[in-house]
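Report on one structure; see the data block that follows.
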Amino acid sequence: MTDTIHITVENQLGEIRQLEIPEGINLSLMEVLKASDYDILATCGGMALCATCHIEVLEGMEALEARSDAELDMLDTLPRAGDQSRLACQIRLNAALDGLKIRIFANN
């Protein structure tokens, strides 16, 4: 088991960067993306009410917890949401996410 979580992030411009996050940081993926200077509005502050942290999971979907009803309801309002869509605010970081690959959508 590693003490660092590695997440590959593709931004809205197609630029790819790998984040290294200490395990046990107890933050959501949205909080880490904002702290890493990604263009994420997170207007609602992580309550699954605005969908401005919409991401697509490219690899590692099986490591994520199931989407909540609130997250599914919010994703249903997005024209570009698909089977791999998630709200970054609803993903809590843990060691199982090591190797996750995501793409950030342009702000909705």
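If we sort 97-103, 31-37 on the protection proxy, mean other Cβ atoms within 10 Å, highest first, what's the order?
Per-residue Cβ counts within 10 Å, averaged per peptide and sorted highest first, yield 97-103, 31-37.
Projecting each Cα onto the charge dipole of the stretch 4-104 (Lys/Arg +1, Asp/Glu -1 at the beta carbon, about the Cα centre), which of Thr8, Ala81, Ala35 comes out farthest on the positive side?
Ala35
To the nearest 20 debye, what charge dipole does the stretch 1-105 have about its Cα centre, counting +1 at the Cβ of each Lys and Arg and -1 at the Cβ of each Asp and Glu?
Using Cβ point charges on Lys, Arg, Asp and Glu, the stretch 1-105 gives about 180 debye.
Do any trypsin sites (Lys or Arg not before Pro) in the stretch 51-100 lie in a DSSP loop with no more than 11 other beta carbon atoms within 10 Å, and if so, which?
Arg80
Among 6-16, 41-51, how do they line up from the highest to the lowest mean number of other beta-carbon atoms within 10 Å?
The peptides rank, most packed first, as 41-51, 6-16.
What is the extension gain from Asp69 to Ala95, computed as 0.36 nm multiplied by their sequence separation minus the C-alpha to C-alpha distance, in nm to one decimal?
Numbers: separation 26, 0.36 × 26 = 9.36 nm, distance 2.43 nm.
Length gained, Asp69 through Ala95: 6.9 nm.
Given axes a ≥ b ≥ c from the Cα gyration tensor, I'd like to know whether the stretch 4-104 is rounded (a/c under 1.5), prolate (a/b larger than b/c) or oblate.
In terms of gyration-tensor shape, rounded.
Just so you know, all these numbers are worked out from the coordinates, no wet-lab data involved. What you see is a predicted model, and the numbers here were worked out from it, not measured in a lab. Quick reminder, even Gly has a Cβ in these numbers, built from the backbone with ideal geometry, and neighbours come from all protein chains shown.
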